[in-house]
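Here's the structure, in structure tokens; my notes come after.
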Amino acid sequence: MALKDQIERRRTFAIISHPDAGKTTLTEKLLLYGGAIQSAGSVKGKASAKHAVSDWMDLEKQRGISITSSVMQFEYDGYCINILDTPGHQDFSEDTYRTLMAADSVVMVIDAAKGIEPQTRKLFKVTAMRNIPIFTFINKLDREARDPFELLDELEKEFGIGTYPMNWPIGCGVDFKGVFDRERRQILNFNQMHHGQEKIKPIECELTDTDKLDSLIGEYQRRELVDQIELLDGASFDFDLEKVRCGKLTPVFFGSALMNFGVEPFLESFLKMTTSPLPRATKEGNIEPTSENFSAFVFKIQANMNKAHRDRMTFMRICSGKFERDREYYHIQGGKTLRLSQPQQLMAEERQIVNEAYAGDIIGVFDPGIFSIGDTVCDTKNKVTFEGIPTFAPEHFALIEQKDTLKRKQFVKGVEQIAQEGAIQIFHEPNSGMERVIVGVVGVLQFEVLEYRLKNEYNVDIIRNNLSYQHIRWVKSPDIDMKSLNLTSDTRWVQDFKGNDLLIFTSEWNINWALDKNEGLILEDFSKE
């Protein structure tokens with residue numbers, strides 16, 4: 001198959017949601033359709049001891065939430081699909097943000113009973129800023145739900161984009177009868193006993209066919225459906241594919257991922273509406289995905305995915321051209337050529353060596369410690385540099401040290417490797433070494449993950465003392481004497497492990513004090529590329 005054909009059949013998207021909205025369940029149902037897995041395990045299901053295939057970390061399985069982003073690839077109806085399953089918990093929003101940088105479109109899962117929740121709002125706004133296609137799956141219609149018009153209105157008001165319901169729910173909870181497909185003028189009938197075991201055959205039914213509708217959904221729900229569809233057809237946004245593809249209009253689908261209801265029609269419509277891999281910005285200009293020259297950027301690093309090998313995996317999004325195993329490529333930030341001899345495509349923790357991959361694909365490569373998030377890998381003769389991925393400013397800080405002083409080597413290795421993944425940021429007080437490390441995180445649950453991983457992956461128990469700092473700033477004054485700064489007693493001078501000076505503060509008031517009392521002091525918001 002020609003390079004252009006291979007790339008045009010690829011679809012790479014991220015799935016985002018608030019915790020418990022059904023994101024991982026939807027992911028598994030999509031994998032079922034592609035034959036990537038044979039059965040789905042509910043993350044918290046009581047009927048099964050299985051866990052979600054996209055959750056690979058033991059702590060994820062214990063808690064029933066996604067903590068890390070997972071990558072899965074499968075084939076469906078001629079398409080090659082790359083799914084990026086993201087953490088839903090707000091404490092891991094930085095990992096989700098990086099993953100969004102590798103996606104060409106986004107599927108947002110919303111709980112029909114809860115609507116837009118705080119974390120959905122934050123992630124959705126980040127997505128909307130990138131102007132990439134956004135598709136909405138309103139989930140759990142088999143349970144009691146809010147009025148669908150209210151949900152659409154909330155979406156439009158919160159995010160300033162249009163909505164276009166592709167189908168429309170007929171009741172909810174115990175009265176849920178299915179959905180009406182607006183385009184095909186068909187009804188998908190819901191059966192509680194179905195459990196997604198076979199494909200539901202749609203029933204063609206015009207709204208004017210009163211007798212047929214009454215037999216399917218009853219007179220009361222027929223009247224309600226007719227009124228609602230008339231209102232939608234007359235007052236809602238018109239469907240416009242161009243607006244969908246630039247993130248100005250979100251197609252909305254209603255269904256139940258757990259019951260596997262409405263998932264396949266969603267997948268089929270989504271694949272037709274979303275785009276193949278998009279051009280990417282580099283410092284040298286936009287690069288087309290169908291360019292003959294290979295290029296990729298690093299968006300995720302994960303240590304110890306495989307307990308047997310204790311290795312470190314770097315995830316790259318291919319942006320242009322074709323990747324070939326054992327060819328030499330150029331690592332821009334490292335300034336040297338390298339040969340990636342064991343590239344892999346992944347199904348959560350399952351791996352498969354690949355000989356070739358194309359723009360839109362995600363590959364994992366073994367990393368001896370040379371890569372950082374945002375790095376570029378490209379052809380040796382046609383060098384490009386992708387714009388870096390900003391790092392979020394930490395909002396919570398803690399002082400950590402190992403309990404057993406004989407395990408200093410493991411402690412240092414563990415803290416440094418986890419920091420290189422971007423999950424935490426580490427600092428130290430000048431001249432203090434690595435015996436005591438100040439850790440900064442975006443969300444407090446990351447502290448728990450850090451403790452768990454140090455214990456289970458590096459065999460190190462730690463003592464953690466939470467600190468009251470909330471703000472961090474780079475010191476950008478070229479000639480200032482840090483030791484002579486006039487600071488409040490609760491302001492702390494720290495350095496990162498490149499030796500850069502930073503100040504951490506307990507309040508905005510302390511930041512202003514430092515600037516007022518120290519002539520020539522220049523502070524810069526924390527964000528690095």
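What to note about this one:
- Estimated distance in nm for a label pair at Lys476 and Met1, the labels positioned 7 Å out from Cα along Cα-to-Cβ: 4.7 nm
- Extension gain, Leu338 to Phe366: 0.36 nm times the residue separation minus the Cα-Cα distance gives 8.9 nm.
- D_trans [Stokes-Einstein, Kirkwood Rh over alpha-carbon pairs] for the chain, 4 °C, 1.567 mPa s, µm² s⁻¹: 52 µm²/s
- Ratio Rg/Rh, restricted to region 449-512 and using Cα atoms, in which Rh is the Kirkwood radius: 1.10
- Backbone N within region 1-36 under 20 Å of label point (7 Å from Glu356 Cα along the Cβ vector): 1-12
- Geometric extent, Cα atoms of region 318-427 - Rg, Dmax (angstrom): 17.2, 50
- Extension gain for Asn293-Glu206 works out to 26.2 nm (0.36 nm per residue, less the C-alpha to C-alpha distance).
- Only one residue of Gln495, Pro265, Pro279 has its Cα farthest out toward the positive end of the dipole of the chain, where Lys and Arg carry +1 and Asp and Glu -1 on Cβ, and that residue is Gln495.
Since every read-out is calculated from the coordinates, none of them should be taken as a lab result. None of the values given here were measured: they were computed from a predicted structure. A quick note on method: Cβ atoms are made from the backbone with ideal geometry, for glycine too, and the neighbour counts reach across all protein chains shown.
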